[in-house]
1. Report the residue, chosen from L134, L31, L226, that carries the largest GNM mean-square fluctuation when the chain is represented by alpha-carbon nodes joined by springs under 10 Å.
2. Which listed residue (T372, L172, S301) has the Cα farthest towards the positive end of the charge dipole for the chain, taking +1 on Lys and Arg C-beta and -1 on Asp and Glu C-beta about the Cα centre?
3. Apply the Kirkwood formula to the chain: the hydrodynamic radius equals the inverse of the mean of 1/r over all pairs of different alpha-carbon atoms; give it in Å with one decimal.
4. Treat every Asp and Glu Cβ in the chain as -1 and every Lys and Arg Cβ as +1, leave all other atoms uncharged, and give the resulting dipole magnitude about the Cα centre to the nearest 20 debye.
5. Multiply the residue gap between M215 and E182 by 0.36 nm, knock off their C-alpha separation, and tell me the result in nm, one decimal place.
6. 222 nm [θ] for the chain, helices only, -39500 (n - 2.57) per DSSP H run of 4+, per residue, to 500?
7. For the chain, what is the accessible area per residue in Å², given a 1.4 Å probe and the full set of protein chains?
8. Separation between the D203 and Y81 pseudo-spin-labels, each 7 Å from Cα along Cα→Cβ, expressed in nm?
Amino acid sequence: MTLPDTTSSGLRTHLIDASVDRPGDDPIFALNAEAKQRAAAGEDVLNATIGALMGDDGRLAVMPSVFEAFGKVSAERAAAYAPIAGEPRFLAAVKRDLFGESALVEQAVAVATPGGTGAVHHGIVNVLEPGQKLLTTSYYWGPYQILAEHTRRGVETFRMFNEHGRLDMSSLERELARQVSEQGRVLLVLNTPCHNPTGYSLDEREWSALVSILMAHASEAPITLLLDLAYARFGASGSVSWVPFVEELAGEVLVMAAWTVSKSFAQYGARVGALVAVDPDPAERHRLQNALSYSCRGTWSNCNHLGMLAITELLADPVLRAKSDVERDELRKLLGQRVAEFNAEARKVGLPHPRYEGGFFVTVFTPDAELTARTMRASGVFVVPLQGGVRVALCSTPTRDIPRLVEALDRGVRAARG
Ligand code: PLP
């Protein structure tokens, strides 16, 4: 049997136009593959592309308490389907983990999702119409674009940094106001603390300005703030708490939080996460809960039950929880040493980068990211080129390699400056 030409470009394919030319591989995974190949061939490779926390021995950091919790789940419970929206005990524990003693716990609904990725997906499809665009920072995690396009939405950005290297509130307000008038609704996605890819965390002044901007426009259109908290547990100690700001917003702006264990419990593979939505109005909460549960049924149906039950044990059992806090503190300490070392080395050579207090990544600004990354690769140092900078994964760079990393970055940036 021969297929007739089925696409506008005259290809013989079963795929629809939108699917016919998808990029097959995530560019970061492709770089990672080259780094591994060269290392296997005997080269001394420094691979700062991997977005997972690795020990200084180059092995994935894991938390033993998580596996202890897995061991506490009976086969019979783990093998059964999870409820569509997620285990009620899990969802209650997630809300408590997010909001602590705040009254927000009582004003929140939640569903289980496969990691933060699933949570962002559900946010997009429930508060934007097809054809509409989410709003985020000009540097952003690439999958936002994929999640938006795959669900027939899109992405627009505001300039992330002003000339003082702080979050550009004027650009944010301008773009938000434009979206209010052009599309009559806004989904603002902010990844803080420890933004991927820049490492930036909003401080108290920025949170306060953000709340003022959102409140100023909240009566004009439905505005949703989706907080992507993927790296929340790796913020600098003593950094600002966002909970009081969300308390101010509740009821005016829909606040959603994408919660995930991927980084906070060093458990990327179990795919445990949640989308939490806050509204003081019980009728709106009821609608939100139904809408989000419906999206679960219409996508993955229900999530990994073993992972969800194990993480519930961890969050709810004070002994196990304390153990996991100690283990995580060790990982934070390791990352904190790398951040301090990077900042010190970068200062010596004047590397341009945003304020960086903690987190898996930092971005180094360069006028030609491809050239910078290529120059670095020539000496066996791998980073990810982005528009306007290269992303450096301190999370996977052994502390002893940071001077070499910074030296290669410096050479790469100089090459791009010509
Ligand atoms: N958001 C950001 C900014 C991320 O970097 C990641 C993972 O890399 C995620 C969300 C979601 O990760 P997961 O789906 O594993 O929770």
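1. Residue with maximal mean-square fluctuation among L134, L31, L226: L31.
2. T372
3. Numbers: mean 1/r = 0.0442 Å⁻¹.
It is 22.6 Å.
4. Charge dipole, the chain, about its Cα centre: 700 debye, nearest 20.
5. Answer, rounded to one decimal: 10.0 nm.
6. Details: 14 runs with 182 residues, N = 418.
Counting only the DSSP helices, I get -14000 deg cm²/dmol.
7. On the way: 18370 Å² over 418 residues.
Accessible surface, normalised per residue, equals 44 Å².
8. Using points 7 Å along Cα→Cβ, the separation is 5.1 nm.
The values are calculated or read from the model by the stated rules, or taken from the named source; none is laboratory data. What you are looking at is a predicted structure, and each value in this text was computed from that prediction instead of being measured. Here the Cβ is made from the backbone with ideal geometry for all residues, glycine too, and neighbour counts use every protein chain on show. Remember, those area values only see protein heavy atoms, side chains included, never the ligands or the DNA or RNA. Shrake-Rupley method; radii C 1.70, N 1.55, O 1.52, S 1.80 Å.
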